[in-house]
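Visitor: The structure follows.
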Amino acid sequence: MHCLGLKSFNKNQVESILEKAVYFKNTKNYTKSLQDAIVVNMFFENSTRTKTSFEIAALKLGARVVNFDYTKSSLQKGENWIDTITNLNAMHPDFFVIRHSYSGFAYYISQFTQANVINAGDGTNEHPSQALLDLMTMYEHKKDIENLKVCIIGDIVNSRVARSHMYLAKMLDWDLSFYGPNTFLPQNIDIKIEKDLKQAISNKDFVILLRIQLERKSGVNIPSLGEYNKFFGIKEPIGAYIMHPGPVNRDVELDSTVYIDRNVLITKQVENGVFVRMAIFDFCISN
Ligand code: CP
């Protein structure tokens with residue numbers, strides 16, 4: 001089974017991945033369900049957390065990992081996507097883990113392979129493994145995943161993380177709201193927009209900060225990073241837990257002095273990423 005986005009997942013499936021991730025975190029002696037499987041990591045955008053943790057997750061489950069380097073591939077000689085995937089598919093890998101700046105790219109690749117395809121972030125569409133590792137971190141801190149009060153602050157219109165969270169919010173009856181400069185807020189969607197920063201952070205279980213995605217030209221939508229920090233940055237600890245998918249633009253969305261506060265869960269999110277990605281591999285191979 002593919003894992004292309006949470007849009008196509010139901011609550012039972014999400015709960016089963018979460019349960020397995022918690023099991024992997026708490027148990028040393030688990031079955032190596034990917035023994036001898038071949039995982040091809042294809043990252044066409046830079047990544048620290050997602051690429052490394054998918055690789056570690058695969059290795060922990062007994063798989064072997066091939067890191068496809070597109071800069072040294074025949075794509076550089078003009079080979080097209082379909083021929084590239086068709087040729088890689090002919091080598092019979094078990095998984096493609098794909099990140100690309102094009103929305104829908106993982107789905108597109110899935111049409112040309114028998115391997116399981118996992119979306120590791122496609123353009124502004126979805127980042128399902130990030131939302132699931134966020135969910136695991138929320139579960140650890142609230143002992144519940146339903147009816148949570150969550151506000152997402154930042155570059156929402158460009159955020160694949162926010163989009164995956166919107167599907168979780170609907171599925172799990174969250175009270176979800178957004179906050180940010182008008183130029184960062186999606187239009188015509190049925191999500192509450194907070195009036196100001198004070199309201200955005202008050203009476204919330206979790207506040208998720210998003211990075212201004214300079215590689216997607218988000219910088220042109222605000223006067224300056226300093227201006228953004230002045231009106232939308234978190235400068236002191238707040239009542240809610242603070243999360244961030246990373247990488248953090250320090251002193252833009254989150255001040256360095258707050259980064260180390262005990263209610264900031266960023267490193268815990270990264271830790272849980274390995275277990276959630278193990279659970280995603282396991283889910284795909286067994287469904
Ligand atoms: N959260 C996230 O996707 O981080 P990376 O870009 O480092 O993988």
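Visitor: Just to be sure before I move on: is ILE152 crowded, with 16+ Cβ neighbours inside 10 Å, assigned to a loop (DSSP other than H, G, I, E, B) and among the aliphatic types (A, V, I, L, M) in the structure I sent?
Guide: On the way: crowded, with 16+ Cβ neighbours inside 10 Å: yes; assigned to a loop (DSSP other than H, G, I, E, B): no; among the aliphatic types (A, V, I, L, M): yes.
So ILE152 does not fit the description; no.
Visitor: Could you tell me whether THR71 is more than 16 Å from the ligand (Cβ to nearest atom), farther than 21 Å from HIS2 by Cβ and assigned to a helix (DSSP H, G or I)?
Guide: Working: more than 16 Å from the ligand (Cβ to nearest atom): yes; farther than 21 Å from HIS2 by Cβ: yes; assigned to a helix (DSSP H, G or I): yes.
Yes.
Visitor: Further question: I'm told ARG99 meets every condition in (1) part of a helix (DSSP H, G or I); (2) within 13 Å of the ligand (Cβ to nearest atom); (3) among the charged types (D, E, K, R) except one. Can you identify the failing condition by its number?
Guide: It is condition (1) that ARG99 fails.
Visitor: Exactly one of (1) of a type outside the set (Lys, Arg); (2) in a loop (DSSP other than H, G, I, E, B); (3) more than 16 Å from the ligand (Cβ to nearest atom) is unmet by SER47. Its number?
Guide: Of everything listed in (1) of a type outside the set (Lys, Arg); (2) in a loop (DSSP other than H, G, I, E, B); (3) more than 16 Å from the ligand (Cβ to nearest atom), SER47 misses just condition (3).
Visitor: Further question on the same structure: Return the residues of region 183-204 that are at pLDDT below 95 and either open to solvent by 90 Å² or more (accessible area, probe 1.4 Å) or closer than 30 Å to ASN12 by Cβ (or both); say none if nothing qualifies.
Guide: PRO186, GLN187, ASN188, ILE189, ASP190
Visitor: I would also like to ask the following. I'd like to check something: does region 120-142 contain any residue that is assigned to a strand (DSSP E or B), surrounded by 24 or more Cβ atoms within 10 Å (Cβ to Cβ) and more than 13 Å from the ligand (Cβ to nearest atom)?
Guide: Going through region 120-142, the residues assigned to a strand (DSSP E or B) turn out to be 120-122, 126.
Right, trim to surrounded by 24 or more Cβ atoms within 10 Å (Cβ to Cβ) and you get 120-122, 126.
From what is left, the residues that are more than 13 Å from the ligand (Cβ to nearest atom) are none.
No, because not a single residue in region 120-142 is assigned to a strand (DSSP E or B), surrounded by 24 or more Cβ atoms within 10 Å (Cβ to Cβ) and more than 13 Å from the ligand (Cβ to nearest atom).
Visitor: Taking the residues in region 234-260 that are closer than 20 Å to LEU148 by Cβ and not small (Gly, Ala, Ser) as candidates, determine which candidate is surrounded by the most Cβ atoms within 10 Å (Cβ to Cβ). I'd like the intermediate steps shown before the answer.
Guide: Filtering region 234-260 for residues closer than 20 Å to LEU148 by Cβ gives 234, 237-245.
Restricting the remaining residues to those that are not small (Gly, Ala, Ser) gives 234, 237-238, 241-245.
Working: ILE234: 22, PRO237: 14, ILE238: 19, TYR241: 21, ILE242: 23, MET243: 25, HIS244: 24, PRO245: 27.
Residue satisfying both the conditions and the ranking: PRO245.
Visitor: I would also like to ask the following. Can you find a residue in region 224-232 that is surrounded by fewer than 21 Cβ atoms within 10 Å (Cβ to Cβ) and not in a helix (DSSP H, G or I)?
Guide: Yes, there is a match, as at least one residue in region 224-232 is surrounded by fewer than 21 Cβ atoms within 10 Å (Cβ to Cβ) and not in a helix (DSSP H, G or I).
The values are calculated or read from the model by the stated rules, or taken from the named source; none is laboratory data. Predicted model only: the values in this text are computed from it and were never measured. Here the Cβ is made from the backbone with ideal geometry for all residues, glycine too, and neighbour counts use every protein chain on show. Accessible surface is based on the protein model in full, side chains and every heavy atom, while ligands, DNA and RNA are left aside. Shrake-Rupley method; radii C 1.70, N 1.55, O 1.52, S 1.80 Å.
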